[in-house]
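Only one structure is covered here, and it is reproduced in the block below.
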Amino acid sequence: MSEKKKVEGDLRLDQVSKTFGDFVAVDDLSLVIPKGSFFALLGPSGCGKTTTLRMIAGLEEPSSGKILIGDTDITEAKAYERPVNTVFQNYALFPHLTIFENVAFGLRRRGIKDVNEAVEKVLNLVELAHLKNRKPGQLSGGQQQRIALARAVVNRPALLLLDEPLGALDLKLRRQMQIELKWIQTEVGITFVHVTHDQEEAMTMADTIAVMNNGRIEQMGSPADLYENPRTVFVANFLGQSNFIDGEVEASDGENLVVSLKGSKIALPKSRNNAKSSSLKLGIRPEKFRLHTADEKLTGNFLKGGVITDISFFGVSTQYLVEMPWKQELMVFEQNDDGVAPFHIGDAVNISWEPIFTFALRGDEDAEAGTEVVPEDLDEE
């Protein structure tokens, strides 16, 4: 691939697969990532997201399929020939060089002699120009991450790959960096492809998320669409928490289906039904539920006869576990915007929610799919 030709455009993966012996890491993956977007590959350990990133970077060769940027096929191009830079979790800064020289390194490797303006501009972008003469060991983790980002974007690649870039930071700093990363991406206009197992990270920063499972994309869309309209139990569970209750479609009523749910009649918008038959799993996010005392008037969809079995206070919200007459525990999140609700363990309660917040998935799906990820496994792909 000629270095003189400027490669730019959408990133396209066309039927890309990667096998290691008999193991299929990535299975016939096709997707288009628009130029200038912030795209996240989200999934548990072993789902194929890091292998996909390595193939885009040129660190792994696809077993089949093509990878293109715009009209340029980069499938067989060496890593150093690609207009692609990567930011790693461990920063990969040169400890013996100053911050300025770390950022200038790639420019000097390309034979650019006057690097001052470009380096100063990107250091100002990450707000660390005042530390340019220090060594990496003199910076905090968050500052080192910003320098690693500055070094990656100073070359103006067509594509920037981020491999779990915030994993080494503490929670508060990680959330701050999520906002900064999104702002920087918007400022520089470079396509970012972010690999993570952290749902909050992906939803905070990405324009589009692809949820991967077993080498394939389960669902792709905006963060809000994936959260509010999951098409599989795996996606619903991996992008938050859900209550699933088995139900049966009984009738059609205009834009809604009437579903029999443990003795109650529930309205389900037809547009939110992804089930293939009359047997389905109704899903409701915990924060969509509302708790009521046993004598309160109920509207919308509702279930009666619950008993509170557990209460957990989280500051901004309180989590309730409510055992229903059929012995299933439902999870309810109540915001503490008006103070803590006056409920106690053992209280008899009813639960209501608006029909629009109901979604339905195939009745034969495993209700636990996407929940069995072990935290200590998440650092390994």
query = Say we look at the stretch 36-48 and pick out the residues that are surrounded by fewer than 22 Cβ atoms within 10 Å (Cβ to Cβ) and touching a Leu at 6+ places or on another chain (Cβ under 8 Å); which of these is modelled with the lowest pLDDT?
reply = 45
ask   = Across the stretch 317-350, what is the total count of residues that are β-branched (Val, Ile, Thr), surrounded by fewer than 18 Cβ atoms within 10 Å (Cβ to Cβ) and closer than 16 Å to residue 307 by Cβ?
value = 1
query = Quick one: how many residues across the stretch 307-332 are in a strand (DSSP E or B), modelled with pLDDT of 95 or more and among the aromatic types (Phe, Trp, Tyr)?
reply = 1
query = Conditions: (1) in the same structural domain as residue 277 (by TED's automatic domain parsing); (2) modelled with pLDDT under 95. Residue 369 meets all but one. Number of the miss?
reply = (1)
request  = Name every residue in the stretch 79-111 that is farther than 10 Å from residue 148 by Cβ and among the hydroxyl-bearing types (Ser, Thr, Tyr), in order of residue number.
outcome  = 80, 98
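Condition check ((1) more than 22 Å from residue 233 (Cβ to Cβ); (2) not in a helix (DSSP H, G or I); (3) not small (Gly, Ala, Ser)) across all residues:
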position	(1), (2), (3)
252	yes, yes, no
257	no, yes, yes
260	no, yes, no
265	yes, yes, yes
276	no, yes, yes
296	yes, yes, yes
305	yes, yes, no
361	no, yes, yes
query = Taking the stated definitions as given, is residue 364 farther than 30 Å from residue 23 by Cβ, over 23 Å from the mean Cα position of the chain (by Cα), at pLDDT below 95 and of a type in the set (D, E, K, R)?
reply = no
request  = Please verify whether the stretch 178-191 includes one or more residues that are crowded, with 23+ Cβ neighbours inside 10 Å, in a strand (DSSP E or B) and touching a residue at least 12 places away in the same chain (Cβ under 8 Å).
outcome  = yes
query = If you check residue 359 against the conditions, is it within 29 Å of the chain's Cα centre (by Cα), surrounded by 17 or more Cβ atoms within 10 Å (Cβ to Cβ) and touching a residue at least 24 places away in the same chain (Cβ under 8 Å)?
reply = yes
remark   = Picking from 21, 9, the residue that is among the small types (Gly, Ala, Ser) and surrounded by 14 or more Cβ atoms within 10 Å (Cβ to Cβ) would be 9
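On the basis of being touching a residue at least 12 places away in the same chain (Cβ under 8 Å), under 30 Å from the mean Cα position of the chain (by Cα) and buried (at least 16 other Cβ atoms within 10 Å of the Cβ), does residue 119 make the cut?
no
Out of curiosity, is residue 212 within 28 Å of residue 8 (Cα to Cα) and touching a strand residue (DSSP E or B) at 6+ places or on another chain (Cβ under 8 Å)?
On the way: within 28 Å of residue 8 (Cα to Cα): yes; touching a strand residue (DSSP E or B) at 6+ places or on another chain (Cβ under 8 Å): yes.
Yes; evaluated as a whole, the condition is true for this residue.
The values are calculated or read from the model by the stated rules, or taken from the named source; none is laboratory data. Everything numeric here is computed off the predicted structure, so don't read it as measured data. A quick note on method: Cβ atoms are made from the backbone with ideal geometry, for glycine too, and the neighbour counts reach across all protein chains shown.
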